[in-house]
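Take a look at the structure below.
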Amino acid sequence: MVDLEENGTKVLLTFLSKQPQASKIEELTEYVKSPEELVVKNKEVYLFCPNGYGKTKLSNAFIERKLDVIATTRNWKSICKLNGLANEPIPKSKSNQRL
């Protein structure tokens, strides 16, 4: 089990535009090199790159090509930060009272 607090920049989540075909997932997994880990679940790819994302072949562009999808990848630390920002209340001001 990966410690997300300690490895928040080494755990990545890739959001896919559609669920990939099983045969394409199998092909992608052939490129995972130990100690990397990769799990595809529905329209998400969970990736652990203990040596750093910059050193893996499993880049966003590579995943897009292999799975034939459009994708965006973020590290876990960024996802948590974005989630926190999305759940903050919007401050009331004169400019957004018209909305």
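The values are calculated or read from the model by the stated rules, or taken from the named source; none is laboratory data. Only a predicted model underlies this, so the values are computations on that prediction, with no experimental measurement involved. Reconstructed Cβ throughout: ideal geometry from the backbone, glycine too, with neighbour counts over all protein chains shown.
Residue pairs whose Cβ atoms lie under 7 Å apart, separated by 6 or more positions or on different chains, with the first residue in the range 63-80 and without any contact (Cβ under 8 Å) to a residue 12 or more places away in the chain and surrounded by 15 or more Cβ atoms within 10 Å (Cβ to Cβ) and the second in a loop (DSSP other than H, G, I, E, B) and not acidic (D, E), are E64/I70.
Residues in the range 44-99 that are more than 17 Å from F15 (Cβ to Cβ) and basic (K, R) were compared, and the one that is modelled with the lowest pLDDT is R98. Of everything in the range 31-79 that is of a type in the set (D, E) and in a loop (DSSP other than H, G, I, E, B), the residue that is farthest from S17 (Cα to Cα) is E36. Return yes or no: is Y46 within 16 Å of T72 (Cβ to Cβ) and either exposed (fewer than 10 other Cβ atoms within 10 Å of the Cβ) or in contact (Cβ under 8 Å) with a residue 40 or more places away in the chain (or both)? In short, no.
Is it the case, given these coordinates, that L28 is surrounded by 12 or more Cβ atoms within 10 Å (Cβ to Cβ), touching a residue at least 24 places away in the same chain (Cβ under 8 Å), in contact with a strand residue (DSSP E or B) (Cβ under 9 Å, 6 or more places away or on another chain) and assigned to a helix (DSSP H, G or I)? Yes.
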